[in-house]
Amino acid sequence: MKLQVPFLQLPLLFDHAALAAEIAAIDARWWRGRTQNDDGNSALTLVTTHGDPDSDELSGPMRPTPALAQCPYLMQVLEALGVTLGRSRLMRLSGQAEVRAHVDINYYWRERMRVHVPIVTTPSVRFQCGEGEVNMAAGECWIFDTWRRHRVLNAGNETRIHLVVDTVGGERFWDLLAQARPPGQRGPEWRPALVAPQPGRPAPALEFENFNAPKVMSPWELREHIVFLLGEAVADPRMPAIQQALLRFARRWQALWAATGDGDAGVPRYRALLEGIGGELQSLGAGEIGLKNELGFLHALRSHVLDMAVASPASAGDESRMDRHGDSHGDPHGGMHAGAAAVPERPALRVPGAGSRDPVFDRPLFIISPPRSGSTLLFETLAGAPGLFSPGDESHALIEGLRGLSPAAHGWDSNRLLATDADAETAAILRERFHRQLRDRGGRPAGAAPVRMLEKTPKNALRIPFLRAVFPEARFVFLYRDPRQVLGSMIDGWRSGDFRMYPQLPGWEGPAWSFLLTPGWREGSGRPLEEVVARQWASAATTLLDDLQALPADTWTSIVHARFLADPQGEMERLCGWAGLDWDRRLGSSLPLSRYTLTAPDPQKWRRHEAAIEAHRPLWEPAAARAEALLRR
């Protein structure tokens, strides 16, 4: 939201030490990186669409995540703000790191304020916004002008953690805002009220957003955005003609609204108006006009109006409408980097028609296996091939962050996705999300030419038909590891708590659900962990084997974990030869540990659980025998 000044401090103080203690008790695995590179930016979600901890959606009903429920004082802090809560999270910035300069251009933030409560910080953290700069002290409460360029510099060595709340405000919030002061204007009468923790108090009744994106934008909202952006445009002789074109467009929109409102019957005509004004603005040179905050006029107009005025066909609240033109995923606040006025807009990455070559994704590679099979080590090694691009990490949020693709959208049945889940709009959005994340071994982004992509996420063992629908030229690498070794590692993973995926799985009796959610998981509810794990592995293995055998034989291959460890150079050369890739590295006889290694590798480590694993052999042995027979084909 645009403010009259860069920063305002609200008259509230919070017990930052109590907040820090609550946060320290949250499972560390719930923190996740906010950018492609390991640049010290990470976040822990507190309020998201449908309460999904992995969701990055910006439209739809906002609900608390399981992490927020563990923090009673944090909930009291949110209550004290007196707001309707939108997307909220904890934002962590490592020492010697920064949040790069950007402007929040996304439609979601056009009328939302961003509240910051520093929880862990030092005087060396500098928050810059426009011409202003402050050090937000621990426990204070601030808002700032997100429409100006802003950045954060952590010049010290200590990690900074802020509570960050996006909100349209609320009745009590406006009273607080009336008492707010910019830096340097807080006289002796300035007395922020301390909101101390109240142990044992019942959880407060918080209010959350339910409606945050229109099905069809009203003419009054549409006109408000247009007038705002016209006022923000830099002087240019082309602006009068552009203003007249937008005025005619707004009047036509209002006439159509009077006839059809936001009913489905008017949608094709609304879309025709949008297409028409888009072309007219291009012809008038609107794409070359800048804004005072160094963004592009047409880019901002697309984010605030043209891409949001009518809901996407996939769903009225799909984040994709905002994500495509209003969100730069390279920065942790989802803004647009300064100086982006001339950034070209990438066309929608549609799935090619049947029989057509994919112009964007050339034979993308997916490593497929049950969890703890060694896929991270294989991925990290293969990602060193020249000309190969990868998202850098597992694609949980990329896929499940889209409406309809999370287990919650399927009644918590499983992570299974089929070709029918890949409608045209969803597939196009997902292809663009992946393309945006891709980097080669040198950290360079993918260019315009067809790109070779490598991806691995254990949940994708349940998504082969879906991936083939989104990426028609997909190739699959089946990684097989002795199931006894995998089961032992999975048992350790469950017990460590480091791989909790669905901590509040409805209807589940047992430890917090870890790893992928497999078909038939309810049959293991209340059963011993070793049985749960055996069922989980067998379900994943059976599903992926069924799907692989339904594919053309030349679209998949296999690699055995033990052989890969014994001869990494030979196996990489073989695998790259099959995939049509070069291999220009010499690997030693042993490989470095992967990022998700719990304890030092040992092929006999599973024997700590040997009795339990063997006791459940009838559950896992049929799938293992089938996999080993397939490997001999």
Exercise. Check Pro506 against each of (1) in a helix (DSSP H, G or I); (2) of a type outside the set (Asp, Glu); (3) in contact (Cβ under 8 Å) with a residue 60 or more places away in the chain and name the one condition it does not meet.
Key: (1)
Quiz item: Within the set of pairs 6+ apart or on separate chains, which have a first residue in region 522-549 that is free of Cβ contacts under 8 Å to residues at least 40 places away in the same chain and crowded, with 21+ Cβ neighbours inside 10 Å, a second that is of a type in the set (S, T, N, Q) and in a helix (DSSP H, G or I), and C-beta atoms under 8 Å apart?
Solution: Gly524/Gln536
Practice problem: Report whether or not His396 is within 19 Å of the chain's Cα centre (by Cα) and surrounded by fewer than 19 Cβ atoms within 10 Å (Cβ to Cβ). | Solution: yes
Quiz item: Would you pick out the residues in region 59-109 that are in contact (Cβ under 8 Å) with a residue 60 or more places away in the chain, in a loop (DSSP other than H, G, I, E, B) and under 22 Å from Gly401 (Cβ atoms)?
Solution: Ser59, Gly60, Pro61, Asp104, Ile105, Asn106
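Among the residues of region 116-141, write down those that are over 17 Å from Asp15 (Cβ atoms) and part of a strand (DSSP E or B).
Passing the criteria: Val125, Arg126, Phe127, Gln128, Cys129, Gly132, Glu133, Val134.
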Exercise. Those residues that are closer than 30 Å to Gln70 by Cα and crowded, with 17+ Cβ neighbours inside 10 Å, I need them from region 181-203; list them, please.
Key: Pro192, Val195, Pro197
Self-check item: Options Gly401, Gly447, Gly374: the member that is surrounded by fewer than 19 Cβ atoms within 10 Å (Cβ to Cβ) and either of a type outside the set (Asp, Glu) or outside the structural domain of Glu621 (by TED's automatic domain parsing) (or both)
Solution: Gly447
Quiz item: Is it the case that region 482-489 has a residue that's assigned to a strand (DSSP E or B), within 20 Å of Leu565 (Cβ to Cβ) and among the β-branched types (Val, Ile, Thr)?
Solution: no
Practice problem: Test Phe471 against the stated conditions and say whether it is surrounded by fewer than 22 Cβ atoms within 10 Å (Cβ to Cβ) and assigned by TED's automatic domain parsing to the domain that holds Ala541. | Solution: no
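Only one of Arg160, Arg172 is surrounded by fewer than 19 Cβ atoms within 10 Å (Cβ to Cβ), under 25 Å from Thr48 (Cα atoms) and either among the acidic types (Asp, Glu) or out of contact with any His (no Cβ under 9 Å at 6 or more places or on another chain) (or both). Can you tell me which?
Working: Arg160 fails: surrounded by fewer than 19 Cβ atoms within 10 Å (Cβ to Cβ).
One residue alone meets the criteria, Arg172.
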Quiz prompt | First in region 482-503 and closer than 13 Å to Ala534 by Cβ and assigned by TED's automatic domain parsing to the domain that holds Asp27, second anywhere and buried (at least 21 other Cβ atoms within 10 Å of the Cβ) and among the aliphatic types (A, V, I, L, M), Cβ under 8 Å, 6 or more apart | solution = none
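For the condition more than 30 Å from Thr45 (Cβ to Cβ) and either among the β-branched types (Val, Ile, Thr) or in a helix (DSSP H, G or I) (or both), what is the one hit in Arg495, Arg535, Arg563? Full working, then the answer.
Numbers: Arg495 fails: more than 30 Å from Thr45 (Cβ to Cβ); Arg535 fails: more than 30 Å from Thr45 (Cβ to Cβ).
Only one candidate passes the filter, namely Arg563.
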Quiz item: If we keep just the residues of region 604-616 that are in a helix (DSSP H, G or I) and under 16 Å from Gly524 (Cβ atoms), which is farthest from the chain's Cα centre (by Cα)?
Solution: Ala615
Quiz item: Within region 476-510, can you find the residues that are surrounded by fewer than 22 Cβ atoms within 10 Å (Cβ to Cβ), out of contact with any Leu (no Cβ under 8 Å at 6 or more places or on another chain) and small (Gly, Ala, Ser)?
Solution: Gly497, Gly507
Quiz item: Just to be sure, is Arg238 of a type in the set (Lys, Arg), touching a residue at least 40 places away in the same chain (Cβ under 8 Å) and touching a helix residue (DSSP H, G or I) at 6+ places or on another chain (Cβ under 9 Å)?
Solution: yes
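Counting just the residues of region 95-151 that are of a type in the set (S, T, N, Q) and surrounded by fewer than 23 Cβ atoms within 10 Å (Cβ to Cβ), which one comes out nearest to Gly82 (Cα to Cα)?
Our first condition is that a residue be of a type in the set (S, T, N, Q); within region 95-151, this holds for 96, 106, 121-122, 124, 128, 135, 146.
Adding the requirement that they be surrounded by fewer than 23 Cβ atoms within 10 Å (Cβ to Cβ) leaves 96, 122, 124, 128, 135.
On the way: Gln96: 34, Thr122: 27, Ser124: 30, Gln128: 26, Asn135: 24 Å.
Among those that are of a type in the set (S, T, N, Q) and surrounded by fewer than 23 Cβ atoms within 10 Å (Cβ to Cβ), it is Asn135.
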Quiz item: Of all residues in region 407-422 being among the polar types (S, T, N, Q) and surrounded by fewer than 21 Cβ atoms within 10 Å (Cβ to Cβ), which is nearest to the chain's Cα centre (by Cα)?
Solution: Ser414
Practice problem: Exactly one condition in (1) buried (at least 22 other Cβ atoms within 10 Å of the Cβ); (2) acidic (Asp, Glu); (3) at pLDDT below 90 is not met by Glu425; state its number. | Solution: (1)
Exercise. Could you identify the single residue in Ser525, Ser514, Ser558 that is among the hydroxyl-bearing types (Ser, Thr, Tyr) and within 28 Å of the chain's Cα centre (by Cα)?
Key: Ser514
Quiz item: Does any residue in region 606-633 that is modelled with pLDDT of 90 or more come within less than 7 Å, Cβ to Cβ, of a residue that is of a type in the set (Val, Ile, Thr) and part of a helix (DSSP H, G or I) six or more places away or on a different chain, and which pairs are these?
Solution: Ala623/Thr542
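The values are calculated or read from the model by the stated rules, or taken from the named source; none is laboratory data. A quick note: this is a predicted structure, and the numbers were derived from the prediction, not measured. Because the Cβ atoms are built from the backbone with ideal geometry, glycine has one as well, and the counts that use them run over all protein chains shown.
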